[in-house]
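Note sheet for the following structure.
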């Protein structure tokens, strides 16, 4: 491996092994910064460069982040049990759980994000009459052609050149 400024250049097989390790560590719930801080791991910016330049690694990394959200969700139960056992203060647990919930919702919004159901299924309410009335008013507003004429010349306004 050759050092190149802040980055390290890796042989193809070496970078594939490191990428696999990064993916595995992310799936266990560790952050990318934590993983990159380990001995023998690349700089954070190197991994970010891999994500941008290597489509296959980017897909694997995105899946690892989804798995990280699942891990966070599973760890929430451990925090709840700690409160039940009396080994963690409930106020501290609330902070930890809120943080874990927020992170999981950002990592996997379809699974852990807040969902808003905006579908209307009540058929007793109808806005048809209001819609028709609004459309009728719109017709009056759209027809804005001038209706004044000067001595039989349609389309000219009252203020014309003086004779």
Report task. Confirm whether residue 82 is over 19 Å from residue 28 (Cβ atoms), more than 27 Å from the chain's Cα centre (by Cα) and at pLDDT 80 or above. Result -> yes
Query - Pair list, Cβ under 6 Å, 6 or more apart: the range 74-85 residue within 16 Å of residue 105 (Cα to Cα), other residue part of a helix (DSSP H, G or I) - result: 76/97; 76/100
Report task. Would you check which residues across the range 38-69 are part of a helix (DSSP H, G or I), over 17 Å from the mean Cα position of the chain (by Cα) and surrounded by 14 or more Cβ atoms within 10 Å (Cβ to Cβ) and list them? Result -> 44, 46, 47, 48, 50, 51, 57, 60
Query - Filter pass, residue 128 being farther than 30 Å from residue 70 by Cβ, exposed (fewer than 10 other Cβ atoms within 10 Å of the Cβ), modelled with pLDDT under 75 and within 53 Å of the chain's Cα centre (by Cα) - result: no
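The values are calculated or read from the model by the stated rules, or taken from the named source; none is laboratory data. Bear in mind that the values here come from a model prediction, so they are computed numbers and not experimental data. A quick note on method: Cβ atoms are made from the backbone with ideal geometry, for glycine too, and the neighbour counts reach across all protein chains shown.
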